[in-house]
Amino acid sequence: MKIAFVGKGGSGKTTLSSLFIRHLAASRVPVVAIDADINQHLGAALGLEDGADTIPPAMGGQLPLIKNYLRGTNPRIASAETMIKTTPPGTGSRLLRIGDGNPVFATCARTVRLDDGEVQLMATGPFTESDLGVACYHSKVGAVELCLNHLVDGRDEFVVVDMTAGSDSFASGMFTRFDMTFLVAEPTRKGTAVYRQYKEYARDFGVALRVVGNKVQGPDDLDFLRDEVGDDLLVTVGHSEWVRAMEKGRPPRFDALEGTNRQALRTLHETADAAYAARDWERYTRQMVHFHLKNAESWGNARTGADLAAQVDPAFVLSEQPVASPQPA
């Protein structure tokens, strides 16, 4: 299951996504956590310290490896250089499965051990001073999108992505890559404005969207969120001494998290799990193709000097029972 956490900057989406990741790890389900935010804080929220051996390398710096592996023997992709972030898989492409030992995860993921269980952490990498004027952060996030396009995940395994803040994720089709999107909103006008943007953009693509109210301090905050987002409000989270300790770098054991917040995480888990019933691989594949053709026409063809529409394999549908991927040479 592919789960996204989105929201405006400062809404608490990284904190909420890290709590959900900890909850999944404690539930003993396989978890791949991906930090796709321009500000890379997910590792710290999971307890990593700067310079730790478990900090993953930047996925954006591994694009040649990622492209060469995923391309496989797909005859429609002339070279790794002609692959862009929206390139869909086709016959001959190598697909990614959680836990299958593929070189993409082996290179880009690092194991993070938590109180109960462990997760695999991946990160786009930060937007550095050397990128100014020569790179766009979306090119870094493109490594995540390319991997999601080639990912075959099952019901009882989770990929949780901490997305970039605000509406930046609509710069490509990545917002359609998820089984469930949790939008973290504070009880403020700015907090719910991002919700309205997401709701509008997502409407035509069947994106499953639920709101997690954060920093809710009383009935007035709750009433405000209900008025603003209606039935999309799933749960609310209030003050947490556990989170305050975590932000100071001294978290207690996860099972000491407040009971109301543990229940909120269980509700998120149940809601994500229930989304499996609506999974439609044919629609998912159509949406991949839709955004790939848009990107090809708007910039991809000119950038690569190739007709990227020809990369689309009309007979291919991504599914949980795909044709065997070619093995590395």
Report task. Return the total of residues in the range 194-235 being under 18 Å from PHE5 (Cα atoms), surrounded by 15 or more Cβ atoms within 10 Å (Cβ to Cβ) and either aromatic (Phe, Trp, Tyr) or in contact (Cβ under 8 Å) with a residue 60 or more places away in the chain (or both). Result -> 9
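Can you find, within the range 203-248, the residue that is nearest to LEU183 (Cα to Cα) among those that are assigned to a loop (DSSP other than H, G, I, E, B) and among the charged types (D, E, K, R)? Spell out the reasoning first.
First pass over the range 203-248, keeping only residues assigned to a loop (DSSP other than H, G, I, E, B): 206-208, 215-218, 238-240, 248.
From what is left, the residues that are among the charged types (D, E, K, R) are 215, 248.
Values: LYS215: 14, LYS248: 25 Å.
Of everything passing the filter in the range 203-248, LYS215 is nearest to LEU183 (Cα to Cα).
Just to be sure before I move on: is ALA302 open to solvent by 70 Å² or more (accessible area, probe 1.4 Å), part of a helix (DSSP H, G or I) and at pLDDT 95 or above in the structure I sent?
Working: open to solvent by 70 Å² or more (accessible area, probe 1.4 Å): yes; part of a helix (DSSP H, G or I): yes; at pLDDT 95 or above: yes.
Criteria met by ALA302.
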Query - Residue count, the range 1-18 (criterion: open to solvent by less than 10 Å² (accessible area, probe 1.4 Å) and polar (S, T, N, Q)) - result: 3
Requested in this report: Looking at (1) within 19 Å of the chain's Cα centre (by Cα); (2) of a type in the set (A, V, I, L, M); (3) within 22 Å of MET288 (Cα to Cα), find the lone condition where MET83 falls short.
Outcome: (1)
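Which residues, taken from the range 116-145, are part of a loop (DSSP other than H, G, I, E, B) and at pLDDT below 85?
The first filter runs over the range 116-145 and keeps only residues part of a loop (DSSP other than H, G, I, E, B), leaving 116-117, 124-128, 132-136.
Hits for the range 116-145 are ASP116, GLY125, PRO126, PHE127, THR128, LEU132, GLY133, VAL134, ALA135, CYS136.
Can you pull out every residue in the range 1-57 that is among the small types (Gly, Ala, Ser) and assigned to a helix (DSSP H, G or I)?
Within the range 1-57, SER17, SER18, ALA25, ALA26, GLY43, ALA44, ALA45 qualify.
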Report summary line: Taking the range 72-89 and keeping residues buried (at least 23 other Cβ atoms within 10 Å of the Cβ) and part of a helix (DSSP H, G or I) leaves none
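Considering only the range 40-57, state which residues are surrounded by fewer than 20 Cβ atoms within 10 Å (Cβ to Cβ), in contact with a helix residue (DSSP H, G or I) (Cβ under 7 Å, 6 or more places away or on another chain) and within 25 Å of GLY12 (Cβ to Cβ). Don't jump to the end; show me each part of the working.
Of the range 40-57, the ones surrounded by fewer than 20 Cβ atoms within 10 Å (Cβ to Cβ) are 40-41, 44, 47-55, 57.
With in contact with a helix residue (DSSP H, G or I) (Cβ under 7 Å, 6 or more places away or on another chain) added as a condition, the list becomes 41, 55, 57.
Passing the criteria: HIS41, ILE55.
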Report task. Could you tell me whether the range 90-104 includes any residue that is more than 27 Å from ARG250 (Cα to Cα), hydrophobic (A, V, I, L, M, F, W, C) and either assigned to a loop (DSSP other than H, G, I, E, B) or open to solvent by 10 Å² or more (accessible area, probe 1.4 Å) (or both)? Result -> yes
Report summary line: For LEU63, the lone unmet condition from (1) part of a loop (DSSP other than H, G, I, E, B); (2) more than 23 Å from VAL184 (Cβ to Cβ) is (1)
Query raised in the report: In the set GLY72, GLY60, GLY10, which member is at pLDDT below 90 and at positive phi?
Result: GLY10
Query raised in the report: Of the residues in the range 91-120, how many are farther than 15 Å from HIS150 by Cα and of a type in the set (Val, Ile, Thr)?
Result: 4
**Report entry** Evaluation of ARG177 against (1) of a type in the set (Lys, Arg); (2) open to solvent by 20 Å² or more (accessible area, probe 1.4 Å); (3) in contact with a helix residue (DSSP H, G or I) (Cβ under 6 Å, 6 or more places away or on another chain) (one fails), failing number
**Finding:** (2)
Report summary line: Given (1) in contact (Cβ under 8 Å) with a residue 40 or more places away in the chain; (2) acidic (Asp, Glu); (3) surrounded by 12 or more Cβ atoms within 10 Å (Cβ to Cβ), ASP307 misses just (1)
Query - Residue in the range 153-168 that is more than 20 Å from PRO89 (Cβ to Cβ), surrounded by fewer than 17 Cβ atoms within 10 Å (Cβ to Cβ), at pLDDT below 95 and among the hydrophobic types (A, V, I, L, M, F, W, C) present - result: no
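The values are calculated or read from the model by the stated rules, or taken from the named source; none is laboratory data. On a predicted model such as this, the values are computed, not experimentally measured, just so you know. All Cβ positions, even for glycine, are placed from backbone atoms using ideal geometry, and neighbour counts span all protein chains on display. Calculation scope for accessible area: heavy atoms of the full protein, side chains included, ligands and nucleic acids excluded. Shrake-Rupley method; radii C 1.70, N 1.55, O 1.52, S 1.80 Å.
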